[in-house]
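The block underneath contains the structure these notes are about, expressed in structure tokens.
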2 protein chains.
Amino acid sequence: MKNDIITLGHGSGAGLTKKLITDVFDKNFNLPTLDDGVEIENRMVVSTDAHVVQPIFFPGGDIGKLSVTGTVNDVSMSGAIPKYILITYIIEEGFSIKELKMITESVQKTAEKAGVKIIAGDTKVVEKSKADGIYITTTGIGFLSDKVELSSAKIKAGDKIVVNGNLGDHTVAIINERQKLELDPPPKSDCAALNKLVQVMLKSGKVRFLRDATRGGVATILNEVAEETGLGIIINEEALPISANVEAICSLLGLDALYMANEGKLIGFIAPESEDVISEMKKNVLGEKSAVIGETTDKFTGVYLRTSIGGMRPLLMLESDPLPRIC
Amino acid sequence: MKNDIITLGHGSGAGLTKKLITDVFDKNFNLPTLDDGVEIENRMVVSTDAHVVQPIFFPGGDIGKLSVTGTVNDVSMSGAIPKYILITYIIEEGFSIKELKMITESVQKTAEKAGVKIIAGDTKVVEKSKADGIYITTTGIGFLSDKVELSSAKIKAGDKIVVNGNLGDHTVAIINERQKLELDPPPKSDCAALNKLVQVMLKSGKVRFLRDATRGGVATILNEVAEETGLGIIINEEALPISANVEAICSLLGLDALYMANEGKLIGFIAPESEDVISEMKKNVLGEKSAVIGETTDKFTGVYLRTSIGGMRPLLMLESDPLPRIC
């Protein structure tokens, strides 16, 4: 019977989500499955995302900030410069107008900081217990310069895989709030708009492909890329930038930062000999801890972690994610 | 205390919604308040809407069809030709995958019929009792031809006000389902994409301004236009196209079709001597019952109904709508 109903796993961004996309959406829409931002015409890129994060306010952000940065990032990963955001609110009856104002101010502040403009919106209200505070959908519109052409098809064996900083911060911030772990100081979400960092990276001309590592984490994206390109991927455990806080939570709860959602982290596939890209990334406040974490290969297929003691462990695509409503 | 929380009235599309827009959104975003579709650049028009209609399936449509037609219509009212739709689903855990497929097929079928393409999507899942089946947000993108320039600022005294058919059908279809009135045959929603009808109307060059009469109904839009233009509006009760079914429900429940939501009806402000526009509209399957229902005047301000016995009754903007989640 379980196959007939939607489960939380269908929203995890992992294997069950892919299955739902294949079974329900691809049959009808023929959507691109790998890239979040879609180029339509005149070098215009669009993307849309619903946001249901719980709690609504968390250290480092809130649902309003997340809704803007998430969509700014999706548009940016195509290489486009995001310019406009459209937004809808679905609000539960009884929600505090004060909190609604705080969220809306956060939306505007985040948009201003990222250099995008909120241009249209809609609000619906549903009865008590037919939502959970507020849900926000954002749609982003951006434009690609003529030079930029990022695609997973451009990835070659030997390319370096780079991330712009610590993994798992957003998920750990949410777990700390939700499970009331009361870590001190409370871990902060990495929620941030990456559009300016992306433009810094693109100047080199060495970037082949970018993705933001949200739901499903770095491991899910690596698996998608491995499947799409037919290349193998090796990740070096020792090279992974992970904070002591996140390490501790992972040990404590048996979680893996490679599968955790980030809200201000991208994975870049860049040409070999790209030290200049990394050093430029490190000059950006959102790239200070940038690191090469692995590379692609044509010697095998699939995704593997080279552990700190030298073993090779497969990094599989999970069916589901233990933590719903992370974004 | 009631002023501090969101009520269902805040989602009604009527006075309380306007107040929320003024208090919360205008302060931050400076959104245009009158037009649903917003022109951004290169003659491109965008619009976004969340859909929370209950029940999800109703005679004449479902939430999938409504989500596409609603956004196609919002883009179309600017005079633009809608071309792309982005879509997000927020699904309640336990929702039937069979129904999800039916809704998704309905989305695709409606898009094909309207000549728009679904180009991007996102799905989130929330826990049982944190949603009500499924909520859908759609964003539409369309393009304006160089000739078209519709605006409430173009409306002049003496302009005719036209609608393309019977009022109140969508609301009555929803009431019949929700209140289990068991009318036989069950009244059908007018849910339809108006983009092709709009293009027929625009050929005349006599159209000044268009709006689709959804939440808040014809009366709310007329009040918005009266306020925006400073002109008066007279509506002739005898000219209003209303079906016997809707008349009966209005009498029975003390409702007024002028305040009911429609999902396939537009209000046009057109130049005087526009018999040719009306006759062209009547040739379109969605305009067969088109009628001139009133006109604008500079003799007074506000909106009035000339009743069938010759009296003049003010048609005020309501604070709220008795029927939540109509779209």
>> Suppose we keep just the alpha-carbon trace of segment B:32-143; what are its Rg and Dmax in angstrom?
In response: 14.2, 44
> When you take every Cα atom in segment A:43-90, what is the radius of gyration, and what is Dmax, the widest Cα pair distance, in Å?
Replying inline: 11.6, 37
>> What does the extension gain come out to for A:E41 and A:A153, with contour length at 0.36 nm per residue minus their alpha carbon separation?
In response: 38.3 nm
>> Ordering B:R211, A:R43 by accessible area with a probe of 1.4 Å, largest first, what comes out?
In response: A:R43, B:R211
> Mind checking which aspartates and glutamates have their C-alpha under 14 Å from B:K124, skipping anything on the same chain fewer than 8 residues away?
Replying inline: A:D49, A:D132, A:D321, B:E92, B:E93, B:D132
> Which listed residue (A:I249, A:T220, B:S251) has the Cα farthest towards the positive end of the charge dipole for the protein assembly as shown, taking +1 on Lys and Arg C-beta and -1 on Asp and Glu C-beta about the Cα centre?
Replying inline: A:T220
> Between A:T301 and B:K113, what FRET efficiency follows from the Cβ-Cβ distance if R0 is 35 Å, with the result rounded to 0.05?
Replying inline: 0.25
> What is the set of long-range amide H partners of B:L194 at a cut-off below 5 Å, with H atoms built 1.01 Å from backbone N?
Replying inline: B:N73
> Can you list, shortest first in nanometers, how far B:R313 lies from the same residue in the other copies, with each label 7 Å from Cα toward Cβ?
Replying inline: 7.4
>> Sorted from largest to smallest, which semi-axis lengths in Å does the alpha carbon gyration tensor of segment B:219-308 give for its equivalent ellipsoid, taking the root of 5 times each eigenvalue?
In response: 21, 20, 12
> Per-residue accessible area for B:K188 at 1.4 Å probe radius, Å² rounded to 10?
Replying inline: 130 Å²
> Computed on protein heavy atoms with a 1.4 Å probe, what is the summed buried accessible area for the chain pair A and B, in Å² to the nearest 100?
Replying inline: 6100 Å²
> Using the heavy atoms of the protein chains alone and a 1.4 angstrom probe, what is the accessible area of segment B:214-283 per residue in square angstrom?
Replying inline: 38 Å²
> Given springs between every Cα pair under 10 Å in a Gaussian network model of chain B, which of B:G60, B:G94, B:G11 has the largest fluctuation?
Replying inline: B:G94
> Among A:I63, A:I90, A:I278, which one shows the biggest mean-square fluctuation in a GNM of chain A, springs joining Cα atoms closer than 10 Å?
Replying inline: A:I90
> What is the Å³ per residue value for the convex hull set by the Cα atoms of chain A?
Replying inline: 149 Å³
>> Treating the protein assembly as shown as a set of equal point scatterers at the Cα positions, no solvent, please give the Debye-formula log₁₀ I(q)/I(0) at q = 0.11 Å⁻¹.
In response: -1.04
> Can you pull the three principal axis extents for the Cα set of segment A:65-199, in Å, largest first?
Replying inline: 53, 39, 25
> Ranked highest first by the average count of other Cβ atoms within 10 Å around their residues, in what order do B:174-184, A:216-226, B:260-270 fall?
Replying inline: B:260-270, A:216-226, B:174-184
>> Are there DSSP H segments in chain B that both extend 15 Å or more along their axis (alpha-carbon positions) and score a mean Kyte-Doolittle hydropathy of at least 0.0? List them, or say none.
In response: B:63-76, B:217-229
> In whole Å, what three semi-axes, largest first, describe the equivalent ellipsoid of segment A:152-314 built from its Cα gyration tensor (square root of 5 times each eigenvalue)?
Replying inline: 26, 19, 13
> Where does each of B:T22, A:T71 land when they are ordered by accessible area, with a 1.4 Å probe and the largest first?
Replying inline: B:T22, A:T71
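The values are calculated or read from the model by the stated rules, or taken from the named source; none is laboratory data. Bear in mind the structure is a predicted one, so any value in this text is a computation, not a measurement. With ideal geometry, Cβ positions are generated from the backbone for all residues, glycine too; neighbour counts draw on all protein chains shown. Surface areas here come from the heavy atoms of the whole protein model, side chains and all, with no ligands, DNA or RNA. Shrake-Rupley method; radii C 1.70, N 1.55, O 1.52, S 1.80 Å.
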